[in-house]
Amino acid sequence: PHNHNAIFWYAKGGRYTANAVRVPLPKPVKRDRRVWSKEEGRIVAARDEHGKLIYDTYTDRKADDVWSIGQSAVTKRKSGEYLGYPTQKPLRLLERLLSAASNPGDLVLDPFAGSGTTAAAAQRLGRRWITCDANPGAIQTTAVRLRGLLEEKKPPEEPAQTSFCVERVGPASE
């Protein structure tokens, strides 16, 4: 049985955004700085003018190809963010994807809003967003979620949207 989901990333043309994803380390790590030596033709430890090693402190690292952002069918229901949608993804996953594929101020489109996780992640990261769904229940759930996010004390990164509107498009439901 598979215990993971594959995420494919496509771009049309040569213009696209691909930011390196960084994840925090459990504790800061001190490492000697490595530099290329033309004389030796290899990477060596960097030294200052007195010959002492130069150290850098790292608090994060580049994310691997496999991301451990757990939310199984069991833990999903116990999480505070779960809103009852069986295909709902963790907010941390969408934040990581949007951080990798867009920059603050970019426009994010989600034509299948569901519980509004993509719009919530975009809002928290300072991206503009458009989302829609054919299900009126999904629109209501998303609107409530986003209203709550806009009312939070912690402001999102700029230039996030400061308001939104809900538009009804299509025939009225029976």
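The values are calculated or read from the model by the stated rules, or taken from the named source; none is laboratory data. The model shown is predicted, which means the values in this text are computed figures rather than measured ones. Cβ sites come from the backbone with ideal geometry, for glycine too, and all protein chains shown count toward neighbours. Side chains included, ligands, DNA and RNA excluded: accessible areas come from the protein's heavy atoms. Shrake-Rupley method; radii C 1.70, N 1.55, O 1.52, S 1.80 Å.
Looking across the stretch 71-83 at every residue that is assigned to a loop (DSSP other than H, G, I, E, B) and surrounded by 10 or more Cβ atoms within 10 Å (Cβ to Cβ), the one that is modelled with the lowest pLDDT is identified as Gln71.
Yes or no, residue by residue, for (1) farther than 30 Å from Thr141 by Cα; (2) surrounded by 10 or more Cβ atoms within 10 Å (Cβ to Cβ); (3) among the small types (Gly, Ala, Ser):
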site	(1), (2), (3)
Asn3	no, no, no
Ala6	no, no, yes
Val35	yes, yes, no
Lys38	yes, no, no
Asp48	yes, no, no
Tyr58	yes, yes, no
Pro90	no, yes, no
Ala113	no, yes, yes
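Candidates are the residues of the stretch 24-33 that are of a type in the set (D, E, K, R) and closer than 30 Å to Ile69 by Cα; the one that is surrounded by the most Cβ atoms within 10 Å (Cβ to Cβ) is Arg31.
Sub-9 Å Cβ pairs linking a first residue in the stretch 102-114 that is under 17 Å from Gln88 (Cβ atoms) and in a loop (DSSP other than H, G, I, E, B) to a second residue that is open to solvent by 20 Å² or more (accessible area, probe 1.4 Å) and of a type in the set (A, V, I, L, M), at least 6 apart or interchain, are Pro111/Ile130; Phe112/Ala134; Ala113/Ile139; Gly114/Leu83, ordered by first then second residue. Output yes when any residue across the stretch 39-55 is more than 23 Å from Asn103 (Cβ to Cβ), at pLDDT below 90 and not in a strand (DSSP E or B), and no when none is. No, that holds for no residue. Entry remark, the stretch 8-23: residues being surrounded by 10 or more Cβ atoms within 10 Å (Cβ to Cβ) and within 27 Å of Asp60 (Cα to Cα) number 6 in total.
Filter the stretch 147-173 for residues that are under 20 Å from Val108 (Cα atoms), surrounded by fewer than 10 Cβ atoms within 10 Å (Cβ to Cβ) and modelled with pLDDT under 65 and give the result. Passing the criteria: only Glu158.
Quick check, is Asn103 open to solvent by 20 Å² or more (accessible area, probe 1.4 Å) and within 11 Å of the chain's Cα centre (by Cα)? Walk me through how you get there before you give the answer.
Numbers: open to solvent by 20 Å² or more (accessible area, probe 1.4 Å): yes; within 11 Å of the chain's Cα centre (by Cα): yes.
Yes, satisfied.
Do we find a residue being in a helix (DSSP H, G or I), out of contact with any helix residue (DSSP H, G or I) (no Cβ under 7 Å at 6 or more places or on another chain), within 21 Å of Leu83 (Cα to Cα) and at pLDDT below 90 anywhere in the stretch 121-136? So far as the stretch 121-136 goes, yes, one or more of its residues are in a helix (DSSP H, G or I), out of contact with any helix residue (DSSP H, G or I) (no Cβ under 7 Å at 6 or more places or on another chain), within 21 Å of Leu83 (Cα to Cα) and at pLDDT below 90.
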